Amino acid sequence: MEELRLDRILADGGAASRSEARRLIKAGRVSVNGRTAVNAEQKANPCSDDIRLDGRKIEGKMVYIMLNKPADVISATEDREQRTVLDLLPEELRRRGVFPVGRLDKDTTGLLLLTNDGDFAHVVISPKRHVDKVYEVYVDGSLDNGDIAAFGDGIELRDGSRCLPALLSADENDPSHAVVTISEGKYHQVKRMFASRGKPVSSLKRLCIGKLYLDEGLEPGQWRKLTSQEIKLIFGE
């Protein structure tokens with residue numbers, strides 16, 4: 001994320017108005033990474049810098065969340081009939097305009113990111129960036145070397161479209177179990193790739209986006225905010 005003026009960061013974080021923020025900074029009550037701020041025009045990164053008012057950490061306007069998505073919850077901001085991933089968050093975060101970054105199918109579990117930062121979402125889902133996504137999968141049937149080769153060549157889906165080459169790592173002890181890495185996000189892509197091989201998916205869980213892995217300490221339905229280092233992983237910093 002780009003650096004912003006310090007008075008704007010305080011205002012976005014709800015700590016003060018822009019004019020009041022300038023007075024607080026001038027009074028020496030604001031620090032950035034342990035050093036007293038010198039003026040309101042000083043730039044800082046609200047995601048990665050430690051910004052404090054009277055010792056209290058100021059959160060930036062942008063929100064970045066890691067959710068361990070459970071099954072039977074849809075990746076949407078609202079729905080009249082079904083529970084959405086936003087229903088798993090407190091009202092305070094929903095009011096800040098967060099939305100799911102991409103989507104996981106209703107029955108797919110695992111790592112889902114939510115944010116109110118459009119630039120962040122674009123980095124994750126833009127087809128031009130080819131951000132890797134890693135999934136754990138169980139299929140009906142036994143995976144073999146032919147499947148591994150087909151994924152490596154680029155699976156042709158039943159509608160005739162072709163996927164980019166993907167890495168399929170089969171479990172030597174359980175031929176129905178594998179880990180697959182893809183670098184694009186076609187509609188229902190992983191399920192369609194395995195279906196094209198005659199081995200429909202029975203269970204699917206996303207483990208990783210880029211270099212960001214699902215926190216194993218999060219139970220299904222639990223969430224936490226990303227750390228500044230994790231946000232940098234997504235932006236490639």
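Quick note: the coordinates plus some simple rules give every number you see, no bench work behind them. Not measured: the values here are computed from a predicted model. Cβ coordinates were reconstructed from backbone atoms using ideal geometry, including for glycine residues, and neighbour counts include every protein chain displayed.
Here are a few things to note about the model shown:
- Rounded to whole Hz, the Karplus (6.51, -1.76, 1.60) HN-Hα couplings of the range 156-164, x for glycine and proline: 8, 6, 5, 8, x, 6, 10, 8, 5
- Charge dipole (Cα centre; +1 on Lys/Arg Cβ, -1 on Asp/Glu Cβ; no other charges) of the chain amounts to roughly 1160 debye.
- Potential lengthening of the chain between Lys61 and Arg103 amounts to 12.8 nm, from the contour at 0.36 nm per residue minus the alpha-carbon distance.
- Stretch gain in nm, segment Glu184-Ser17, where the contour uses 0.36 nm per residue and the Cα spacing is subtracted: 55.9 nm
- Taking label points 7 Å from Cα along the Cα-to-Cβ direction, Ala195 and Glu41 give a separation of 5.9 nm.
- Protection proxy ranking, peptides 214-224, 84-94, average beta carbon neighbours within 10 Å, highest first: 84-94, 214-224
- Whole-angstrom gap from the range 57-114 to the range 120-158, using each part's C-alpha centre: 24
- Sequence-distant aspartates and glutamates (8 or more away, or on other chains) whose Cα lies within less than 19 Å of Lys26: Asp7, Asp12, Glu41, Asp50, Asp54
- Global geometry of the range 40-122, whether rounded, prolate or oblate, following the gyration tensor of its Cα atoms and the 1.5 cut on a/c: prolate
- Here the gap between Glu3 and Gln222, fully extended at 0.36 nm per residue and compared with their Cα-Cα distance, gives a gain of 75.8 nm.
- Under-5 Å amide H pairs with Gln42, H placed in peptide plane, nonlocal only: Leu6
- Taking a straight line from the alpha carbon of Lys186, these lysines sit under 17 Å away, with near neighbours fewer than eight places off in the same chain left out: Lys106, Lys128, Lys133, Lys205.
- Couplings 3J(HN,Hα) for the range 41-46, derived from phi with the Karplus relation 6.51 cos²θ - 1.76 cosθ + 1.60 (θ = phi - 60°), are 7, 4, 9, 8, 9, x Hz, where x marks Gly and Pro.
- Simple label model, 7 Å out from Cα along Cβ direction - Arg158 to Leu207, nm: 2.8
- Dividing the summed helix terms, -39500 (n - 2.57) for each DSSP H run of n ≥ 4, by the number of residues in the chain produces a 222 nm estimate of -6000 deg cm²/dmol to the nearest 500.
- Highest average first, the peptides 68-77, 151-160 ordered by how many other beta carbon atoms sit within 10 Å of their residues are 68-77, 151-160.
- Global geometry of the range 133-209, whether rounded, prolate or oblate, following the gyration tensor of its Cα atoms and the 1.5 cut on a/c: rounded
- Rounded if a/c under 1.5, otherwise prolate or oblate - the range 4-57, Cα gyration tensor axes: rounded
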